[in-house]
Every structure is written in structure tokens, then in C-alpha cells.
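Since the structure comes first, as C-alpha cells, the remarks are kept for the end.
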Amino acid sequence: MAKIINKGSWIKIGSLNKEDKKNYLISAGMFILGALFWGLHLNTVDGIFGPPVFIDTDTSISFGVIRALIIICWVLAVIYSRKFLKTQDELMHRYYLTTMASGGAGFISVGMFFSIIDPYIDLTIGFYGYFVAFAIGTVVGGYLFDKKYLSDGE
């Protein structure tokens, strides 16, 4: 079974058996590769960092391939993540649910806050800004999970 380390922010890969390690690393690798392609895609849309770097890419074949690779990589990441989770214990399942629920809470709470103050400030936060809030929420959720279930009073 996987060991959760670093205050709930990571899984100790060395604690996994060969098959689980393979599934976990392929899942993480596909997610990171998809994120790299997503970063290229972000250069074509308005975002928190300003206007698009590349203009008129809607019909570009190369950016069409990049967008398809995002989907392919992330579908593979989900498939291998599910394979990994099928062999894990209840604690790992609870860890995943806690971190994802906390990420969703971060997405919603920051989204509500910015939608309320948006008319009063000259700052437009798009989906990608809210995704940062999701990521922060998952980190907070991992820390709270560690504090509740893993720490031994330290």
C-alpha cells in the first residue's frame, strides 16, 4: 500500500509494489505531459497572464494536434490512476477523496469571492486562475488529512 508523506502532499513511490509503481508513474507522467501541452495551448487564449501570445490558431493543425494530445494524455492518466487506486486500501481512497473535495472547495470559494468583487476591481480571473485555487485547496486538504489521520501528535 502507498505511504503518504510530506504532510499529506506526496506518496512515497518506494513504498509501492512493482505494478502499483508502474501505474502510478505512468499516470503522473501522462498528467505532466498533458500539462505541458496544456501550457502550449494556454498561449492561444486569454488568461491570468494576459492576452494570447499566438493569434489565429483556431484552425492551426499544430495547435489542433496539441489540443488532441492534452485529451489523450489526460485520459491515459485517468485510466492508469484508476488502475492504481483499485489496488489501494481505504486510507488511500479517503486521501484522494479528501484532497479532491478540498480542491473543489477552493475552486468554488475563490470563484464566489472573485465573482463578487470582480465588478469593483480591474482584474478578471478566468478558469485557469480558479484552477490555481483548486490546486491550493488540494494542498490544504492533504495537510488536513495528514493532521487528522496520519500525524501521531507531533
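The values are calculated or read from the model by the stated rules, or taken from the named source; none is laboratory data. Everything numeric here is computed off the predicted structure, so don't read it as measured data. Side chains are part of the model used for accessible areas, which takes the heavy atoms of the whole protein and leaves out ligands, DNA and RNA. Shrake-Rupley method; radii C 1.70, N 1.55, O 1.52, S 1.80 Å.
Could you look at the chain and say what percent of its accessible area is carbon and sulfur, using a 1.4 Å probe and all protein chains?
68
Spelling out what I want: for every residue of the stretch 19-35, take phi, set θ = phi - 60°, compute 6.51 cos²θ - 1.76 cosθ + 1.60 (Karplus), and round to whole Hz; glycine and proline get x.
Result, ordered by residue: 5, 5, 4, 4, 5, 5, 5, 5, 4, 5, x, 5, 5, 5, 4, x, 5 Hz.
Using only Cα atoms and rounding to the nearest 10 degrees, what angle (0 to 90) does helix 127-145 make with the longest principal axis of the chain?
Roughly 10 degrees, rounded to the nearest 10.
Solvent-accessible area per residue for the chain at a 1.4 Å probe radius, Å²?
Each residue of the chain exposes 66 Å² on average to a 1.4 Å probe.
So who's got an amide H within less than 5 Å of the one on Lys3, skipping anything under 5 residues away but keeping other chains? H placed 1.01 Å off N, in plane.
The answer is Lys12, Ser15.
Would you work out the Kirkwood radius for the chain? I mean one over the mean of 1/r across all pairs of different Cα atoms, in Å.
Every distinct Cα pair counted, the radius reaches 17.6 Å.
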